[in-house]
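Since the structure comes first, as structure tokens, the remarks are kept for the end.
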Amino acid sequence: MSSRFAGIIIDPLPGTDEYESGLKIFLRICRFLNPYNLLKLSCVCKKFNALLCSERYSISCLWKQSRMNFTPFGSMKCPEDMSNREFTKLLCIENGCQNCWNKNVRICIYWIPRVRLCESCLLLLVITKKELEQKWIVPPELIDVIPPVFHEDLWNEGNLWDESKKSYWIPHVYEIQSEYCTLKSADEKSSLLTERKQQAESTCGKMTLSKYLLLTIILFHIIIIGICAPSSVKTDQADSSKTQSTASQKPTETASLWSIFKNIFTKKQPDPNKFGKFEIEKNINETKNILVGSFVGGLSHLRPSLEICKILIERGYKVALVAPGNFTSPTNYPSIKQYSTGPEHDTKELSHVYKAIYEKPYDYNSFFLEKDEADKQYLERFEVYRRSTIDFKPDLFLCDLLNNEACFDIAWKFKIPAVGVSSSLNRRTFAPYKSDPIYGCHSNMEKGSFIERFKCLIIQPARFLYESRQRIIFLNEKRLSVGVSPVTSSLERIKNSLFLADTFFGFEIPHPVPPLYQEIGPVMQESYPPLTSELSSFLSSHQRIMYVSFGMQAFTTPENYAILLKSFLEVIDRNIIDGIVWSLSGLENFPTLSDDTQLETSEILNNRYTHIYVTTSSSLEDLTPQVSILNHSNTKIFLTHGGVASCHESLYVGKPMLILPLASDQFSNAEKLEEQGVALKLDKMNLHVDDIVRKIEFLQLDSRVKINLKRMQILTKINSKRKYRAADLIEFVMKASQLNPNNNGVKERVVDKNRFKTEGKESSEKVSNETNPEPNEPAIEDIYEWLLKEWITPDSRMGFIRGKYLDVYGVVLILFISIIGSIIWTGWSLVSFIVNSIAFLLEGKLKTD
């Protein structure tokens, strides 16, 4: 109906009598709507949105009139750089925080950035002067021209006048820094600084004056309220019966400013008697603990889990991490406690494993090399998980899937819900047309021949399962030694668990996904490190740059590095690319070579060649600002190994990729992106200079690549907010674990934190007894089945034949064959009868003759 009404008003041509009369009717109706309802009306359909967001004078007056009639901000003047609609939308505090959309927290309006935020969201989007100077290395003269953001923490901590504690809006920092770095001459930079400083002083001066005035008024009213408090309480009690009847009336002239502020910033408490008395269990809302676990660690495997956990921390949850290295240092995730499993995963130290993986053809035998190395560490990892579980007392495990059986086993042992996190759905969802390059097959078998499809669906998976069997037996022996029951397959323990995949439609091959597997990617950070001054200068001085990075752990052969260097020099000589930024990990083994121009490798690696800039990312503390480099307008191509995180970041900023896959899921990612028309792939076993040069030129010039990139960029940005849904799903699993109606002791085993004891001989015996249930106890799989019953499809409980309806289809097939057989038999009998009758008649006639 709303769309039809919009059509009546807006479909006539502008300027006609029908249009003007329809517009007048629409404006008269809207005069009776408050700003909140006007905003909701603008979201009804595209036509209403186009009209209510237009710059027409009558529409501007409509928003202004609504603000004056229905809000306490009617006398406030709209800022010059905002429209009346934007200003009214900003003042709609009942809509909640503009970042997390939470309506249950205290909301404030911050005039410098023109945003409405809760305190926790603001602290994520501002940075202190001290951090700008020490971590971001922003020049002091540039900081002075950025207007500071005043927030409540400065008042609470008494740091209002402390220069080092001043906070700055991060988007403002990015904007000014990028504008400053694009300028080349000193005069232009000086002019920009002068102009920005005048703007900042003007803005801060106005804000400071208004703050002092506002504080004076608030203090005055607080004094009056303190005097009148006793009488006001009695008045409120006496008039409580009249509240509902007068709720729709305008505030009277005697209403104090305090009541206005109270209505704005205080959430109205619901009447407990309105819908009858309803009590919620207290322990549902208590603080919960989440333990994140990863075998490999590192940015690509931990970032999705920890970015989701940042949201949960804001909601009041506590998070700890079990992973190698020191990932949650003050510069990364300081609010997350870490239980380290040892030093960072270093492929160079494990060269006996990874040299074969990275430098030889990759197949499932290469996959098992890494798996065998991980299985050897099972008992050590299990012990770390056991100790951290006893110490941290988690209510839920969030386990990275790669080689992380210990995480799921400890969750099973302590009967705690576990949620899995993975970068893809390759081997966890089935579709006959979907395969894996580790089988020697294509990711998409749509164009495969019968022989190829038969091999990739039957033969190769069967060989993989056969090879896996011996490793499952080996791991089961270790499980029995720590009191964990054995499994028959790698997915048995977690078949009814919730899995979150850091991927999205468009990146994956389209296929049906079971409800227990939820796509929540791409999980992106809220902010990324900015460019260093050297990088910014290099990017600004070159117009067509290729960024090269193979991650922090991957490497290839010296021969391949020589071919890459030669191809880089070739594209520069041919003016296809005029600059290259190469992020090295310190694992590279470069050969000593020189080209025809006698340019030595050492000259390039030491940044003595003007067209190639080399950086080193050997640890999390000195990471190359990859996203900032890719987001620069002069960066044209990304040469990458095809890791999931790198692919997501490149798609987010809309840059084409030349992918050199080296191991793991990188081959599958390369094929999928090449099929989408946004990337081309190279072969590490067959690398040629001419092939690299040709593909770089193609990615730069082909118009279809640009169109496909724009499409994928839209998909990536739309899906990048799904980490909030992931946080909601995790919350559901935790809270549902407390609501089991068939208690029978299950709730105590899943929820009761008293089962965790201090370490020692007695506690070990107690844990062992608790985690080896009697035969009549419900199994942990039954608990999972109850927890996630909304997502577990009925066919998983019906068995293979009933679940696939093979019995019904079998009966239908038998009936069909029977009917067809009956028809054929009847027809054959009829034809035989006719033929025999004719033959009999002919035979009789011959005898008569």
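The values are calculated or read from the model by the stated rules, or taken from the named source; none is laboratory data. Everything quoted here is computed from the prediction, not taken from an experiment. We place every Cβ from the backbone using ideal geometry, glycine too, and count neighbours over all the protein chains shown.
Of the residues that sit in the range 309-323 and are over 19 Å from the mean Cα position of the chain (by Cα) and surrounded by fewer than 20 Cβ atoms within 10 Å (Cβ to Cβ), which one is nearest to N102 (Cα to Cα)? Let's see the steps before the verdict.
So in the range 309-323, the residues over 19 Å from the mean Cα position of the chain (by Cα) come out as 316, 318, 320, 322-323.
Remaining after also requiring surrounded by fewer than 20 Cβ atoms within 10 Å (Cβ to Cβ): 316, 318.
Numbers: G316: 13, K318: 19 Å.
Among those residues, the one meeting the criterion is G316.
Residues are listed down the side, and each one gets a yes or a no for (1) modelled with pLDDT under 90; (2) outside the structural domain of K415 (by TED's automatic domain parsing); (3) over 40 Å from the mean Cα position of the chain (by Cα); (4) not hydroxyl-bearing (S, T, Y):
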position: S768; (1), (2), (3), (4): yes, yes, no, no
position: P773; (1), (2), (3), (4): yes, yes, no, yes
position: I780; (1), (2), (3), (4): yes, yes, no, yes
position: L787; (1), (2), (3), (4): yes, yes, no, yes
position: E790; (1), (2), (3), (4): yes, yes, no, yes
position: I814; (1), (2), (3), (4): no, yes, yes, yes
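Out of F48, F73, I need the residue that is in a loop (DSSP other than H, G, I, E, B), aromatic (F, W, Y), in contact (Cβ under 8 Å) with a residue 12 or more places away in the chain and assigned by TED's automatic domain parsing to the domain that holds N37. Which one? Talk me through it step by step, then tell me what you get.
Working: F48 fails: in a loop (DSSP other than H, G, I, E, B).
Result: F73 is the single residue among F48, F73 that is in a loop (DSSP other than H, G, I, E, B), aromatic (F, W, Y), in contact (Cβ under 8 Å) with a residue 12 or more places away in the chain and assigned by TED's automatic domain parsing to the domain that holds N37.
Just name the residue that is farthest from I509 (Cα to Cα) out of those in the range 454-478 that are of a type in the set (S, T, N, Q) and either surrounded by 17 or more Cβ atoms within 10 Å (Cβ to Cβ) or within 33 Å of the chain's Cα centre (by Cα) (or both).
Keep residues of the range 454-478 that are of a type in the set (S, T, N, Q), which gives 460, 468, 470, 476.
Still in the list and also either surrounded by 17 or more Cβ atoms within 10 Å (Cβ to Cβ) or within 33 Å of the chain's Cα centre (by Cα) (or both): 460, 468.
Values: Q460: 20, S468: 26 Å.
Only one residue tops the list, namely S468.
Looking at S633, S668, S650, which is the one that is among the hydroxyl-bearing types (S, T, Y), farther than 29 Å from S537 by Cβ and either in a helix (DSSP H, G or I) or outside the structural domain of E370 (by TED's automatic domain parsing) (or both)? Please lay out each step first, then the result.
Values: S633 fails: farther than 29 Å from S537 by Cβ; S650 fails: farther than 29 Å from S537 by Cβ.
Exactly one residue qualifies, and that residue is S668.
Determine the pairs where a residue that is assigned by TED's automatic domain parsing to the domain that holds R381, located within the range 467-488, has a partner that is surrounded by 13 or more Cβ atoms within 10 Å (Cβ to Cβ) and of a type in the set (D, E, K, R) with Cβ atoms under 6 Å apart, the partner being 6 or more residues away or on another chain.
Listed by first residue and then by second, the contacts come to L475/D375; V484/D409; V484/K413; P486/R479; V487/R493.
Could you go through the range 705-723 and let me know if any residue there is surrounded by 19 or more Cβ atoms within 10 Å (Cβ to Cβ), of a type in the set (K, R), modelled with pLDDT under 95 and part of a helix (DSSP H, G or I).
yes
Inspect all residues belonging to the range 435-453 and state whether any of them is crowded, with 19+ Cβ neighbours inside 10 Å, outside any loop (DSSP other than H, G, I, E, B) and among the basic types (K, R).
Among the residues of the range 435-453, not one is crowded, with 19+ Cβ neighbours inside 10 Å, outside any loop (DSSP other than H, G, I, E, B) and among the basic types (K, R), which makes the answer no.
If you take the residues of the range 657-697 that are out of contact with any Pro (no Cβ under 7 Å at 6 or more places or on another chain) and β-branched (V, I, T), which of them is nearest to T503 (Cα to Cα)?
Filtering first and then ranking leaves I659.
Taking the criterion of being within 21 Å of S628 (Cβ to Cβ), at pLDDT 80 or above and either β-branched (V, I, T) or not in a helix (DSSP H, G or I) (or both), would at least one residue in the range 146-153 satisfy it?
Within the range 146-153, the subset within 21 Å of S628 (Cβ to Cβ) is 146.
Next, from what is left, pick out any that are at pLDDT 80 or above: 146.
Among the residues that remain, those that are also either β-branched (V, I, T) or not in a helix (DSSP H, G or I) (or both) are: 146.
There is at least one residue in the range 146-153 that is within 21 Å of S628 (Cβ to Cβ), at pLDDT 80 or above and either β-branched (V, I, T) or not in a helix (DSSP H, G or I) (or both).
Okay, residues lined up against (1) buried (at least 24 other Cβ atoms within 10 Å of the Cβ); (2) more than 25 Å from the chain's Cα centre (by Cα); (3) free of Cβ contacts under 8 Å to residues at least 60 places away in the same chain:
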{"residue": "D375", "(1), (2), (3)": "no, yes, no"}
{"residue": "L379", "(1), (2), (3)": "no, yes, no"}
{"residue": "R386", "(1), (2), (3)": "no, yes, no"}
{"residue": "F397", "(1), (2), (3)": "yes, no, no"}
{"residue": "E405", "(1), (2), (3)": "yes, no, no"}
{"residue": "F408", "(1), (2), (3)": "no, no, no"}
{"residue": "F414", "(1), (2), (3)": "no, yes, no"}
{"residue": "G420", "(1), (2), (3)": "no, no, no"}
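Does any residue in the range 536-551 that is under 30 Å from S664 (Cβ atoms) come within less than 6 Å, Cβ to Cβ, of a residue that is surrounded by fewer than 19 Cβ atoms within 10 Å (Cβ to Cβ) six or more places away or on a different chain, and which pairs are these?
Listed pairs, sorted by first residue: I545/N634.
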